[in-house]
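Below is one structure, written out as structure tokens; the observations come after it.
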Amino acid sequence: MKTIAAALLIIGPLAGQVSYQRLLDADHEPGNWMTYSGSYYSHRFSSLNQIDRANVARLKLKWAFQMKTTEKVETSPLVVDGIMYLTQPPNDVWALDAETGRPFWNYRRSLPERIVVCCGQVNRGLAMLCDRLYMGTVDAHLVALDRKTGNLLWDVEVADYAKGYSVTAAPLAVRDKVIVGMAGGEYGVIGFLDAYDAVTGERVWRHITIPGPGEPGHESWAGDSWKTGGAPTWVTGSFDPKLNLIYWGTGNPAPDWNGDVRLGDNLFASCVIALDADTGKQKWYFQFTPPRHARLGRSADPGAGGRAVPESSAKADVLGKPECLLLRAGPGDWRIYARSAIRHTNLGGEDRREGPSDPAAGNQPEPRGRAGSAGSSGRHQLVLAILQSHNQALLSFRLGLQEPLLFRRCAFSSGNALFRKHNAAAA
């Protein structure tokens with residue numbers, strides 16, 4: 001670990017602590033980006049308005065920070081009180097002056113010589129809580145750093161990297177815990193989501209995404225295929241503080257290229273799962289793409305290469321009743337699905353087959369929607385809205401390329417208008 005000491009005299013007065021309350025109120029600080037998706041609700045939308053269509057053409061480069069790496073850069077930087085915190089693959093961390101790009105400090109992690117990862121030694125970012133930064137590593141550890149100095153505070157093993165596990169997602173800090181997912185679905189691992197004490201690094205709970213014998217959903221795996229079933233948790237999820245629920249997407253079942261050896265619905269792969277933030281107990285799930293063959297069941301996000309995207313939250317009228325919704329967006333074709341949470345009836349679009357698949361009869365599930373179609377060229381966004389309290393109501397609607405920002409504003413500040421507009425258009 002290398003620290004640039006001269007800059008430490010400046011970093012103190014610039015940065016304030018990122019308390020849990022600040023994370024709760026993140027939307028009130030548009031000049032900061034304090035968590036992976038900007039807020040617990042994962043809107044990934046900034047209300048800053050100084051740059052608009054009228055002046056965007058006048059933007060010029062002010063500074064550039066050159067990363068000395070040959071790996072893919074997938075990090076989402078955090079920006080807090082004038083300081084930018086970002087990861088450099090595989091697992092280095094930099095603190096930069098956001099105004100000038102000048103480094104304050106950097107942390108360099110030593111890694112084993114041989115690490116098995118499917119898609120490069122990448123890292124997607126950090127979590128911050130109080131005076132600590134948190135990072136997952138490609139050798140499947142979780143580390144905590146002092147945000148002022150970059151000094152290592154603790155280092156815990158999440159899983160055995162030699163078995164194919166890694167941590168590439170940005171952690172999510174929730175109250176006094178750090179939530180972290182894992183990667184490795186291509187190597188026959190069993191997926192899980194962990195919570196660690198933010199101060200000590202002690203593991204608080206672990207939620208395993210593939211049910212074992214005697215657990216609900218175990219029957220969805222043929223034979224012993226669950227033992228190498230995948231269902232990783234490699235993209236950062238969302239959190240609803242009012243419901244105390246964590247929403248996290250799961251990835252493909254394994255092997256992803258041959259479904260014949262794992263017939264069934266393969267729960268809880270390709271799902272969004274809702275977990276109690278205190279205990280990790282699963283409250284409900286929804287499976288977007290019931291696995292079939294090859295990569296049909298690769299992910300819970302159509303067109304995102306195995307990603308289960310951070311679900312966003314919004315409020316809207318559903319069947320005349322105000323509801324809290326989860327929104328999930330991705331490129332591709334579209335279908336309209338609307339299920340009544342009360343009557344459990346299909347309100348529009350093509351319905352999915354009823355009941356679980358029967359592996360013995362070769363009855364494989366049909367996907368709920370297409371990931372794409374010839375000629376669509378990604379010109380539309382698919383949006384699914386799921387009731388947060390359970391998984392029975394779905395809505396989706398079609399948007400052109402010119403509308404995503406308008407959609408986000410409507411959905412998160414005046415969602416009712418958006419849904420009235422959609423219903424009127426569909427009528």
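A few points about this structure:
- Label reach from Arg206 (point 7 Å along Cα→C-beta): in segment 127-157, amide nitrogens under 15 Å belong to 140-142, 156-157.
- Annotation: peptides 58-67, 132-141, ranked by per-residue average of other Cβ atoms within 10 Å with the highest first, follow the order 132-141, 58-67.
- The phi torsions of segment 205-210, fed into the Karplus equation with coefficients 6.51, -1.76 and 1.60 and a -60° offset, translate into couplings of 8, 9, 10, 8, 8, 10 Hz, rounded to whole numbers, with Gly and Pro shown as x.
- Spread of Cα-to-Cα distances over 5 Å intervals beginning at zero, given as percent, for segment 78-183: 2, 13, 25, 25, 18, 10, 5, 1, 0
- Gain in span if fully extended, Asp276 to Lys72, counting 0.36 nm per residue against the direct Cα distance: 70.1 nm
Read-outs throughout are calculated quantities, based only on the coordinates presented, and are distinct from any laboratory measurement. The model shown is predicted, which means the values in this text are computed figures rather than measured ones. Heads up, the Cβs are rebuilt from the backbone with ideal geometry, glycines too, and the neighbour counts pull from every protein chain shown.
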